[in-house]
Amino acid sequence: MCGIVGYIGTEEAAPVLLDGLDKLEYRGYDSAGIAVFDGEKIQVAKARGRLKVLNEMTHGGEKLPGNCGIGHTRWATHGIPSDKNAHPHFNETESIAVVHNGIIENYLKLKKLLQEKGYKFTSETDTEVVAHLLDYYYKGDPLEAIIRTMRRVDGSYALGIMFQEHPGKLFAVRKDSPLIAGKGKNGNLIASDVPAVLKYTRDVYFIQNEEIVCLEADELNFYNIDGEPIRKEAVTIQWDVSAAEKAGYEHFMLKEIYEQPKAVLDTLNPRIREGRIEIEELGMSDDEIRAIKKIYIVACGSAYHTGVSAKYVFEGLARIPVEVDLASEFRYRNPILDPETLLIVVSQSGETADTLAALREAKQRGVRTLGIVNVVGSSIAREADNVMYTWAGPEIAVATTKAYSTQLIAEYLLAMKFAQVKGTVSTAEMDEMIQELKQLPVHIEMLLDHKEKIQRFANRYIAAKDIFFIGRGIDYAISLEGSLKLKEISYIHSEAYPAGELKHGTISLIEEGTLVAAVLTQEELYKKMISNMVEVKTRGAFLLAVTNVGNTEVEKAADYVIYIPKTHKYFTNSLAVIPLQLFGYYVALGKGCDVDKPRNLAKSVTVE
Ligand code: AGP
């Protein structure tokens with residue numbers, strides 16, 4: 001996720017752009033840039049690093065005079081954070097400037113086509129393709145060039161565009177990435193999100209998919225993809241800036257819980273093509289995949305929990321033995337690694353010291369490594385032999401939610417890719433799984449609609465001292481995550497336990513009213529789970545059950561049931577985690593905890 005801004009009016013544009021980008025830094029902050037029309041040419045300044053670097057470089061914008069400009073703060077997806085990959089991007093004559101938030105899914109194909117026509121590229125980004133495509137279609141009419149470009153581009157985009165030959169106009173267009181326009185006293189603006197414009201206006205236009213907006217200093221005109229003028233009504237924003245950065249949510253954590261459907265979609269979409277799993281970034285030929293005889297998944301915290309889930313998926317689908325390890329343990333236990341091993345490290349930040357050290361240990365022993373990482377260009381992403389990015393966008397809350405969910409997706413896709421190459425899964429089952437994967441965002445949306453019900457239930461437990469999560473098989477993996485989500489933000493002691501193991505000691509902790517959350521999504525384990533639930537219930541426990549729609553049998557043992565939509569048995573963690581995330585969030589909220597910044601914790605643990 002990135003942030004774009006644009007301004008045209010009577011004021012100097014650069015300070016307005018920098019101020020707007022400052023309000024959008026939560027959307028991405030590994031590099032930034034602005035382009036301003038100085039009356040003759042489009043001047044540009046861009047730099048890797050936080051917005052502060054750009055501010056200093058341009059003396060707060062003074063070094064770029066002019067009343068019309070666009071700006072961008074980047075969360076890298078294609079191309080590492082660097083000066084040349086920073087936006088804005090240009091055509092070769094630098095007469096067209098573009099800033100972009102989103103992912104151009106067919107950029108490689110378009111880049112090849114343009115290069116065959118003689119276009120030269122200077123960056124590794126997908127966005128630069130748009131600048132050259134606009135150039136290719138521009139014959140004097142900016143609107144026509146934009147429309148023809150939109151028809152060729154697949155993926156998601158919010159674009160800010162300047163044409164040097166049309167200095168009194170600024171264009172913006174949207175498909176799937178958020179975009180607003182604002183009518184200010186001294187000029188008009190575009191932005192990825194409301195916070196960037198609130199200082200100048202509270203009257204904003206929410207641009208819908210395939211709508212184009214043309215800004216002039218004193219008017220805004222809107223068009224559809226056929227170039228026909230359309231009418232739009234302004235909406236008056238009531239939020240303050242801080243609330244607006246969270247898009248009106250009380251905390252970043254809740255906002256990020258709600259961003260999961262899109263994060264899952266963005267991570268899935270580019271890797272499912274014509275009914276097959278395609279993961280070019282894996283960098284392994286089919287023969288190299290077939291040669292892998294063992295997989296290690298090494299990570300910390302929630303990332304480790306995704307590995308515990310993925311073990312069941314990999315072993316179930318691709319019949320490859322998988323060992324899951326905590327990074328802080330892996331590197332000191334002299335692991336047995338041979339050339340036919342693939343070591344996968346999973347990390348949202350890509351900077352976790354324990355995980356980075358485990359990666360280096362494996363590389364030293366000559367083992368092939370793959371990183372599943374959310375931050376492009378981070379240490380783990382750079383040092384792993386290959387990297388598969390999760391496209392969750394910046395995750396601000398310390399407690400991970402959308403990054404966790406996209407890590408699960410990446411591991412499902414990898415396991416399916418291995419099974420596809422090894423032929424261990426029938427075409428029919430692969431087709432069914434792909435259909436179920438595509439349904440996950442819809443199912444997650446449905447579960448998010450139950451937040452009030454979960455909030456009411458959570459409020460009963462804000463004074464709890466101990467809460468247990470139990471499950472068998474892949475449901476044990478999600479119990480681990482549910483327990484961590486709760487304890488790390490509400491400070492209530494919690495443990496996750498394999499349900500069959502409770503009777504070997506821990507069951508002595510169960511007292512009258514102790515909450516036990518039982519996750520049972522694996523049909524073949526329902527009966528076993530229900531008997532484990534009865535075991536704790538007879539000792540006084542209050543049973544919350546998370547189970548599949550239709551498993552009403554569980555109501556005999558559970559006191560409170562949350563049903564999740566049916567999905568493939570290997571994907572249930574992606575759905576069961578939603579009510580558990582919301583439960584942890586609302587318990588912490590009810591206790592008045594600092595949900596986004598829990599005590600003693602950091603978003604990235606860069607110490608061992
Ligand atoms: C989970 O909510 C925590 N924030 C923590 O367990 C985290 O998952 C762990 O520190 C690993 O971080 P990483 O994914 O950035 O490597």
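Details
- Residues located in region 302-318, provided they are hydroxyl-bearing (Ser, Thr, Tyr), more than 16 Å from the ligand (Cβ to nearest atom) and buried (at least 23 other Cβ atoms within 10 Å of the Cβ): none
- Filtering region 134-161 to residues that are in contact with a Leu (Cβ under 6 Å, 6 or more places away or on another chain) and either at positive phi or assigned to a strand (DSSP E or B) (or both) leaves only 158.
- Subset of region 286-301 that is outside any helix (DSSP H, G or I) and away from the ligand (no atom under 14 Å from the Cβ) - its residue that is nearest to residue 360 (Cα to Cα): 296
- Considering residues of region 470-522 that are within 16 Å of the ligand (Cβ to nearest atom), among the β-branched types (Val, Ile, Thr) and not in a loop (DSSP other than H, G, I, E, B) only, the residue farthest from residue 598 (Cα to Cα): 478
- Selected residue (criterion: farthest from residue 255 (Cα to Cα)) from residues of region 570-607 that are surrounded by fewer than 23 Cβ atoms within 10 Å (Cβ to Cβ), of a type outside the set (A, V, I, L, M, F, W, C) and within 12 Å of the ligand (Cβ to nearest atom): 606
- Hits in region 127-175 (condition: surrounded by fewer than 18 Cβ atoms within 10 Å (Cβ to Cβ), among the acidic types (Asp, Glu) and within 27 Å of residue 75 (Cβ to Cβ)): 154
- Candidate set from region 396-420 (those that are small (Gly, Ala, Ser) and within 16 Å of the ligand (Cβ to nearest atom)); member that is nearest to residue 251 (Cα to Cα): 397
- Look at region 436-456: where a residue is closer than 16 Å to residue 401 by Cβ and modelled with pLDDT of 95 or more and a partner is in a helix (DSSP H, G or I) and small (Gly, Ala, Ser), sitting 6+ places away or on another chain with Cβ atoms under 7 Å, you get 440/574.
- Among helices (runs of 4 or more DSSP H) entirely within region 302-394, having at least 2 residues that are modelled with pLDDT under 95 and closer than 27 Å to residue 278 by Cβ singles out 379-383.
- Region 395-419, residues that are more than 14 Å from residue 303 (Cβ to Cβ), of a type in the set (A, V, I, L, M), assigned to a helix (DSSP H, G or I) and within 17 Å of the chain's Cα centre (by Cα): 413
- Residues in region 17-44 that are crowded, with 24+ Cβ neighbours inside 10 Å, in a strand (DSSP E or B) and either among the aliphatic types (A, V, I, L, M) or more than 25 Å from the chain's Cα centre (by Cα) (or both): 32, 34, 35, 36, 37.
- Checking each residue in region 319-335 for being more than 13 Å from the ligand (Cβ to nearest atom), under 19 Å from residue 356 (Cα atoms) and out of contact with any Gly (no Cβ under 6 Å at 6 or more places or on another chain) picks out 323, 325, 329, 330, 331, 332, 333, 334, 335.
- Condition check for residue 426: farther than 30 Å from residue 255 by Cα, more than 16 Å from the chain's Cα centre (by Cα) and not acidic (Asp, Glu): yes
- Matching option when the condition is modelled with pLDDT of 95 or more, surrounded by fewer than 24 Cβ atoms within 10 Å (Cβ to Cβ) and among the polar types (S, T, N, Q), among 552, 547, 567: 567
- Remark: residue 525 falls outside the filter, which requires a residue to be under 30 Å from residue 380 (Cα atoms), aliphatic (A, V, I, L, M) and away from the ligand (no atom under 16 Å from the Cβ).
The values are calculated or read from the model by the stated rules, or taken from the named source; none is laboratory data. Just so you know, these numbers come straight off a predicted model, no measurement behind them. Positions of Cβ are backbone-derived with ideal geometry, glycine not excepted, and every protein chain shown enters the neighbour counts.
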